[in-house]
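Notes for the one structure printed next.
Bear in mind these aren't lab numbers, they're just calculated from the coordinates by the rules spelled out. From a predicted model like this one, the values you see are computed outputs, not experimental measurements. Every residue, glycine among them, receives a Cβ derived from its backbone with ideal geometry; neighbour counts consider all protein chains shown.
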Amino acid sequence: MSGRLIGVVGPSGVGKDSLMAALAVAMPDVEIVRRTITRAPQLGGEDYEAVGETRFLELKTAGAFCIDWQAHGLSYGIPADVVNRVQTGETLLVNLSRAVLSHVAEIFEAFVVLNVTAKPEILAARLAARGRESAQDIRRRMNRKAAALPENLTIITVENNGTIEEAAAAAMRQLQPERAQRWMS
């Protein structure tokens with residue numbers, strides 16, 4: 001039995017981690033993949049393994065990641081065991097970069113992209129509220145053009161302009177329509 005990897009993408013501040021947490025609660029058989037990131041541990045947001053660059057390179061060299069990339073001055077890695085977990089029937093949620101989607105699709109046969117969007121003014125407010133970046137960094141993120149999503153992938157787009165429950169319900173209607181009806185009742 002084959003599982004499925006759901007890759008969650010969207011700009012910083014769109015609520016990817018909050019949406020993933022809501023989906024994991026609503027779909028108890030779905031787990032969130034814990035990423036390895038070269039980010040200080042106290043910065044919060046998601047549950048991640050914080051490592052330094054040297055340790056990240058050691059892990060990468062040892063084959064600890066099935067996918068890794070750099071973005072915003074940080075390195076990100078997805079554990080290698082995710083491949084086996086999906087192949088043996090698990091459905092997993094993972095926060096990904098748009099830049100690696102085509103490569104991920106080469107590794108995972110059952111791969112769906114959950115593209116999370118929100119209005120620019122909402123993104124800016126969320127970025128400011130989380131307190132990780134300066135006003136200049138936020139402006140730079142807001143002005144950056146997002147890479148296009150590959151056309152050959154299954155892509156589900158969900159707007160996260162309201163409550164996280166509304167966004168989760170919209171995502172569930174597309175990911176698991178039969179379960180969404182029961183959850184929203």
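Just round it to a whole percent: the fraction of Cα-Cα distances in the range 8-112 exceeding 21 Å.
Details: 1854 of 5460 pairs.
Looking at the range 8-112, the distances longer than 21 Å represent 34 percent of pairs.
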| field | Cα gyration tensor shape of the range 91-185, rounded if a/c is under 1.5, else prolate or oblate by comparing a/b with b/c | value | oblate
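Whole number please: convex hull volume per residue of the Cα set in the range 47-109, in Å³? List each step's numbers first, then the result.
Working: hull volume 5.9 nm³, N = 63.
Taking the convex hull of the Cα positions in the range 47-109, it is 94 Å³ per residue.
Based on the Cβ-Cβ distance from R140 to E53, what FRET efficiency comes out when R0 is 25 Å, to the nearest 0.05? It would help to have the intermediate numbers written out before the result.
Working: r = 22 Å, r/R0 = 0.88.
That gives a FRET efficiency of 0.70.
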| request: Let me know the whole percent of all Cα-Cα pairs from the chain that are separated by more than 26 Å. | output: 30 percent
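For E121 and K60, what does the FRET efficiency come to when R0 = 30 Å and r is the distance between their Cβ atoms, rounded to the nearest 0.05? Please report the intermediate quantities before stating the final value.
Values: r = 38 Å, r/R0 = 1.27.
It comes out at approximately 0.20.
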| request: Starting from the exponent 0.38 and prefactor 2.2 Å, build the expected Rg for the range 1-50 from its residue count and divide its actual Cα Rg by it. | output: 1.25
| field | Kirkwood estimate for the range 59-146, i.e. one over the average of 1/r between Cα atoms, Å | value | 15.3 Å
| query | Which residue, E58, E31, E109, has the most motion in a Gaussian network model of the chain that connects Cα atoms within less than 10 Å? | reply | E58
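Given the rule -39500 (n - 2.57) for each run of at least 4 DSSP H residues, summed and divided by the residues of the chain, what is its mean residue ellipticity at 222 nm, to the nearest 500 deg cm²/dmol?
Details: 8 runs with 74 residues, N = 185.
The helix contribution divided over the chain gives -11500 deg cm²/dmol.
Note down the magnitude of the dipole of the chain about its Cα centre, charges +1 on Lys and Arg C-beta and -1 on Asp and Glu C-beta and zero elsewhere, to the nearest 20 debye. Before the final figure, lay out each step's value.
Numbers: 21 positive and 21 negative charges, 119 e Å.
So the magnitude is around 580 debye.
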